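Peer 1: Let me give you the structure first, and then I'll get to my questions.
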Amino acid sequence: MSILEHVQLKNVFRYFEEISQIPHGSYHTEAIGAYLVQFAQDHGFWHKKDEAGNVIIVKEASKGYEASETVILQGHMDMVCEKEADAAVDMEKEGLKLYVEDGFLKAKGTTLGGDDGIALAYALAILDDDSLQCPRLEAVFTTNEEVGLLGAMALDASELKGRILLNIDSDLEGHFLTSCAGGLTARTHIPVSYRNMEGVGVLLTLCGLSGGHSGSEIDKEHANAVIELGRILSGLSGELSFGIAGLCGGLKDNAIPRKAEASLVASQKDIGRLKEAVGEITKCLQKEYALSEPDLTVEISILEEKTYDALDGDSMKRVLFYLRHVPNGVCHMSMALKGLVETSLNAGIMKLCQDGFFIDSSVRSSVESRKQDLADQLKGLSEFLGGKTTLEGSYPAWEYCKESKLREKAADVWQKLYGTKPVFEAIHAGLECGIFYERIPNLEAISFGPDNFDIHTPKERLNIASAERVYRFLAELLRELK
């Protein structure tokens, strides 16, 4: 059954359904870009696709709106592709399996891509609606937002005439964002050496964690599987002699890792004590995370006895030292805005390979100097251990403007429609608004969206009624911007 059977705004969800059948994870947005270009061609709109894959579609002003300020509608094409371990789907090649449950739109076994597929669906529905009276529109669809705002960074913003930006990349209805953190990706590499080690293979799997967005969820005390696995291994190393043959954890630098694994090598006589020690540490973690991670567990699998390639003593010490001493989670809270995380770090992806130990981390801060200071700490730690950290995809913060006519208009429209005052707030997550704000003089911007929960996880769910209310607000706001 199509999801259109469950919704009122057929056009919005028809486009969302079409988008969901096109694989569009980060770095794989060619097909969705082609879809957008075809849409523009079919409707006779001026359009452009740049070398980064960004697509701009322009719809001229309605009659009577010719003198109105051009409005930029903006969202990103790519989604975070995460799935459950037993989900038999190749997200690089297959579409999503959408379904509706209890008023929520979901995808079976995978992330939904409401972040930011709903922005694309909204914009296409607006562009397709000839009955809507509104100013000239510049719909800007960017690529690779989830991996460092890369598309927006490559966009030539000088081609845009709009000085009003409506960014549709937020996930709480009635909450309008007015500033955001800047950030970067830190890629750490520590060289390692191996030795032959005879013993029993032991696979430790830390799993059952909630994960979540490394910006908006970083203050929720969700356990980071990579960091906590390092804690377990460090604790074991103080009691037992073992080797490390493999490490892996996390899928995206901007998603809090839900699972991490360590392949160990131990003597047969130590297996019983190893199990006991892991059990003791697990109980400690379960007590500490009783409220935020009720399903935390550590699984132990005993493998065959043979000769393994394991880290030599020095390499193992350096890897464990890094995992125990790397900053992680909330580093500073804002003193200017109560309750706002100012600076944070998420160790998002861990891999142990033949040529080294690798960690990709997401660094965020609304204060540029502290963002750089945290990056310098990572560089210093890795250099101390004989490695190096390279910084990529740095993007600016979006600063708060005390006065905004756009903000006032949005508040008036929302209250007129729904009888409640909207909330205006800052967010610790990175938004493309910061890049547009830096590059377009006198830009006014807000970011908003419908209720979309557990983004970047397979539990992601979009509230259908909320999505419909926010779309009606968007259409009415455009009518009012005359």
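Peer 1: Over segment 319-442, what percent of the accessible surface lies on carbon and sulfur atoms, probe 1.4 Å?
Peer 2: Ligands and nucleic acids excluded, carbon and sulfur give 51 percent.
Peer 1: To the nearest 500 deg cm²/dmol, what mean residue ellipticity at 222 nm is calculated for the chain from DSSP H runs of n ≥ 4 alone, each contributing -39,500 (n - 2.57), summed and divided by the residues? List each step's numbers first, then the result.
Peer 2: On the way: 11 runs with 144 residues, N = 482.
Theoretical 222 nm ellipticity from helices: -9500 deg cm²/dmol.
Peer 1: Which whole-Hz ³J(HN,Hα) couplings does segment 260-267 yield from phi under the Karplus relation 6.51 cos²θ - 1.76 cosθ + 1.60, θ = phi - 60°, glycine and proline marked x?
Peer 2: Working through the residues one at a time gives 8, 10, 10, 9, 10, 10, 9, 6 Hz.
Peer 1: Take every DSSP beta bridge whose two residues both sit in segment 29-176, then give the antiparallel share in percent to the nearest 5. Could you put the intermediate results ahead of the total?
Peer 2: Numbers: 14 of 24 bridges.
Beta bridges within segment 29-176, antiparallel portion: roughly 60 percent.
Peer 1: Check Lys97: other-chain or 5+ apart residues with amide H under 5 Å from its amide H, H built from backbone geometry?
Peer 2: Amide H to amide H, under 5 Å and 5 or more residues apart or across chains, Lys97 pairs with Lys108.
Peer 1: Can you list residues from other chains, or at least 5 along the same chain, whose modelled amide H is less than 5 Å from the amide H of Cys81?
Peer 2: The list, which skips near neighbours in sequence, is Ser26.
Peer 1: Same structure, new question: Suppose we look only past 38 Å in the calculated P(r) of the chain. What percent of the Cα-Cα pairs does that tail hold?
Peer 2: Tail fraction, whole percent: 29.
Peer 1: Mind giving me the FRET efficiency for Arg273 and Asp86? R0 is 25 Å, r the Cβ-Cβ distance, nearest 0.05 is fine.
Peer 2: Numbers: r = 33 Å, r/R0 = 1.30.
Computed FRET efficiency for Arg273 and Asp86: 0.15.
Peer 1: Check which residues have an amide H placed less than 5 Å from Asp451's amide H, if you skip close sequence neighbours.
Peer 2: Those qualifying (amide H under 5 Å, at least 5 residues apart or on another chain) are Glu173, Asn463, Ala467.
Peer 1: I'd like to compare 203-210, 143-150, 303-310, 52-59: which one has the highest average count of other Cβ atoms within 10 Å, and what's the full order after that? Mind dumping the intermediate values first?
Peer 2: Values: 203-210: 19.6, 143-150: 24.6, 303-310: 14.2, 52-59: 22.4.
Taking the mean over residues of other Cβ atoms within 10 Å, the ranking is 143-150, 52-59, 203-210, 303-310.
Peer 1: State the antiparallel share, in %, of DSSP beta bridges confined to the chain, rounding to the nearest 5. Please report the intermediate quantities before stating the final value.
Peer 2: Working: 79 of 100 bridges.
In the chain, DSSP labels about 80 percent of beta bridges as antiparallel.
Peer 1: Another question, then. Using a probe of 1.4 angstrom, how much of the accessible area of segment 48-147 is carbon and sulfur, in percent?
Peer 2: Working: 1560 of 3610 Å².
Ligands and nucleic acids excluded, carbon and sulfur give 43 percent.
Peer 1: Express the C-alpha Rg of segment 386-456 as a ratio against the empirical globular expectation 2.2 N^0.38 Å, rounded to two decimals.
Peer 2: That works out to 1.48 for segment 386-456.
Peer 1: So how do 388-395, 317-324, 122-129 stack up, highest first, on mean other-Cβ count within 10 Å?
Peer 2: Values: 388-395: 16.8, 317-324: 19.0, 122-129: 21.6.
The densest-packed peptide leads the list: 122-129, 317-324, 388-395.
Peer 1: Give me the accessible area per residue for the chain, probe 1.4 Å, as a whole number in Å².
Peer 2: Details: 20180 Å² over 482 residues.
Using a 1.4 Å probe on heavy atoms only, each residue of the chain averages 42 Å².
Peer 1: How big, in percent, is the set of alpha carbon pairs in segment 115-163 lying more than 15 Å apart? It would help to have the intermediate numbers written out before the result.
Peer 2: Values: 663 of 1176 pairs.
Of all Cα-Cα pairs in segment 115-163, 56 percent lie more than 15 Å apart.
Peer 1: Right, another one. Extending each Cα 7 Å along its Cβ direction at Glu476 and Ser241, get the distance between those two points in nm, one decimal.
Peer 2: 7.4 nm
Peer 1: Starting from 0.36 nm per residue, how many nanometres of slack lie between Thr420 and Asp130 once their C-alpha separation is accounted for? Don't jump to the answer; show the numbers that get you there.
Peer 2: On the way: separation 290, 0.36 × 290 = 104.40 nm, distance 2.95 nm.
So the chain would gain 101.5 nm between Thr420 and Asp130.
Peer 1: Here's a follow-up. Please give the peptides 360-373, 70-83, 331-344 ranked by average Cβ packing (other Cβ atoms within 10 Å per residue), highest first, as a rough proxy for protection. Could the numbers behind the result be given before it?
Peer 2: On the way: 360-373: 21.1, 70-83: 25.1, 331-344: 16.1.
Most protected by this proxy first, the peptides run 70-83, 360-373, 331-344.
Peer 1: Could you go through segment 199-216 in sequence order and give the Karplus-derived ³J(HN,Hα) for each residue, using 6.51 cos²θ - 1.76 cosθ + 1.60 with θ = phi - 60°, rounded to whole Hz, and x for Gly and Pro?
Peer 2: Listing the rounded values in order: x, 8, x, 10, 9, 9, 10, 8, 8, x, 8, 7, x, x, 6, 6, x, 6 Hz.
Peer 1: Spelling out what I want: for every residue of segment 23-33, take phi, set θ = phi - 60°, compute 6.51 cos²θ - 1.76 cosθ + 1.60 (Karplus), and round to whole Hz; glycine and proline get x.
Peer 2: Once rounded to whole Hz, the list reads x, 8, x, 4, 6, 9, 10, 4, 5, 5, x.
Peer 1: Can you work out the PRE-style zone for Lys48? Point 7 Å along Cα to Cβ, and I want the residues of segment 121-151 with backbone N under 17 Å.
Peer 2: Residues passing the 17 Å test: 137-143, 151.
The values are calculated or read from the model by the stated rules, or taken from the named source; none is laboratory data. Bear in mind the structure is a predicted one, so any value in this text is a computation, not a measurement. Every residue, glycine among them, receives a Cβ derived from its backbone with ideal geometry; neighbour counts consider all protein chains shown. Quick note on the areas: whole protein, heavy atoms, side chains included, nothing else; ligands and nucleic acids left out. Shrake-Rupley method; radii C 1.70, N 1.55, O 1.52, S 1.80 Å.
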